[in-house]
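Below is one structure, written out as structure tokens; the observations come after it.
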Amino acid sequence: MRVAYFDCFAGISGDMTLGALVDAGADFELLKTELGRLHIHDEFELSLERVTKRGISAADVTVKLHHHHDHDHGHGHSHGRSFTDITHIIEHSALSERVKTNAIAIFAKLGEAEAKIHGKGIEEIHFHEVGAVDAIVDIVGACVCLELLGIQKVYCGPIPTFHGTVEIAHGTFPLPAPATIEILKGAPWRELGIEGEIVTPTGAAIVATLAEGFGPMPEMSVESIGYGAGKKDFGVPNVLRIMVGTPADSGSGEPSYNAEVAVIETNIDDLSPQVYEVVMERLFEAGALDVYFTPIQMKKNRPATLLSVICEPDQVCTMSAVIFGETTSIGIRIDTRRRVCLDREIVSVETEFGPISIKVARYEGSVLNIQPEYEDCKAAAAKHAVPLKRVRDAAVAAFYSRN
């Protein structure tokens, strides 16, 4: 298992997160390819350069918009999109389900904060900084990079304090911005006292949604370190540091024998088959690790479906709510089980049909299984008008030719 520790000693924003993850090893070209699946790729372009922030070399990722306004992580006016608009863009992309689920969850965190501040429902909120194309790119891009790096768990350090004022859509307001402080309720803060906005709502939402917790760096073996540059300069190096590695009790390339999960099951015999697709989608959106259906025979030989959901133990209540809300079930069974997981990561290979992502599983450093990503193969096959299996075979051959 691979983990990432976000050391926000000088704050965090969306572009700082992208830069740090790329600097830690996420393939920048593959990141751009994946972002092209959003169907808004004609609205922006991504660039990468190295900069120095008070003696620290860092990756500076910039989103240049094609609608005559610059990438700005402040809180001025911008062409907003509603939460429904953003969800539609992400859900109808060709990105992986994990990326979609995480990105939508981050935007939900932002939307809920804005809705509470303004006393409205989340569907009534038209985001300002949040809804701009650059924030969509930052959030989805961060989720893509975490998948490319094979990160399964994220941890975050304490949030540094800062002060000053910021211009938001409704006037001047003291820092932290209302959405930022709402999102980070319950997170620990440490004194830094920098004047200026060093933690943005986008950065706050990324760690508040994805981090397992806030605190000191966990015991881990560090494999790579990335520094992502912010756009402004303060009294400290304006960079986000992300450390990627394996937990101290899990050697690199070795399977995790202590991964504990919850398995939720329920028998259903009176639900329209058409609804099961929605049930699965909702469960994955809520963070399920896996969802599957098994045909069974119940008493009096009635045909039925066994719905099984695998999730993290702390997600049982969330999954149960989805099951009760979306199905006709009136009772569920819950088991806690251990599973053995091989170390895995996502790599990119170049083929005659373009770059293809491949999931690689290893045991003690040796490759045991590889699997080209279906959506990549499907898109390449359609673009070049060739059978999907030909693209898949080309990806497998490309992987083994370089390994």
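The values are calculated or read from the model by the stated rules, or taken from the named source; none is laboratory data. A quick note: this is a predicted structure, and the numbers were derived from the prediction, not measured. Glycine also receives a Cβ, built like all others from the backbone with ideal geometry; neighbour counts cover every protein chain displayed.
A few remarks follow.
- Lys120 among the basic types (Lys, Arg), in contact (Cβ under 8 Å) with a residue 24 or more places away in the chain and out of contact with any helix residue (DSSP H, G or I) (no Cβ under 6 Å at 6 or more places or on another chain): no
A quick yes/no check of all residues on (1) crowded, with 17+ Cβ neighbours inside 10 Å; (2) in contact with a strand residue (DSSP E or B) (Cβ under 6 Å, 6 or more places away or on another chain); (3) within 30 Å of Arg362 (Cβ to Cβ):
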residue	(1), (2), (3)
Glu312	yes, no, yes
Ser320	yes, no, no
Phe324	no, no, no
Arg333	no, yes, no
Thr336	no, yes, yes
Val347	yes, yes, yes
Glu350	no, no, yes
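- Scoring Glu260 on the criteria (1) modelled with pLDDT under 90; (2) touching a Pro at 6+ places or on another chain (Cβ under 7 Å); (3) surrounded by 14 or more Cβ atoms within 10 Å (Cβ to Cβ) leaves a single failure, condition (3).
- Out of Glu281, Glu326, Glu277, Glu265, one residue alone is among the charged types (D, E, K, R) and either under 30 Å from Gly157 (Cβ atoms) or within 22 Å of the chain's Cα centre (by Cα) (or both). It is Glu281.
This table checks each residue for (1) touching a Ser or Thr at 6+ places or on another chain (Cβ under 6 Å); (2) over 27 Å from Val99 (Cβ atoms); (3) at pLDDT below 95; (4) among the β-branched types (Val, Ile, Thr).
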{"site": "Val291", "(1), (2), (3), (4)": "no, no, no, yes"}
{"site": "Ile296", "(1), (2), (3), (4)": "no, yes, no, yes"}
{"site": "Lys299", "(1), (2), (3), (4)": "no, yes, yes, no"}
{"site": "Ser308", "(1), (2), (3), (4)": "no, no, no, no"}
{"site": "Glu312", "(1), (2), (3), (4)": "no, no, yes, no"}
{"site": "Ser329", "(1), (2), (3), (4)": "yes, yes, no, no"}
{"site": "Val340", "(1), (2), (3), (4)": "no, no, yes, yes"}
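- Strands (runs of 3 or more DSSP E) contained in the range 326-403 and holding at least 3 residues among the polar types (S, T, N, Q) and out of contact with any Pro (no Cβ under 9 Å at 6 or more places or on another chain): 366-372
- Filter pass, Phe284 being surrounded by 11 or more Cβ atoms within 10 Å (Cβ to Cβ) and without any contact (Cβ under 8 Å) to a residue 60 or more places away in the chain: no
- Test: residue in the range 144-152 that is part of a strand (DSSP E or B), touching a residue at least 60 places away in the same chain (Cβ under 8 Å) and in the same structural domain as Ser93 (by TED's automatic domain parsing): yes
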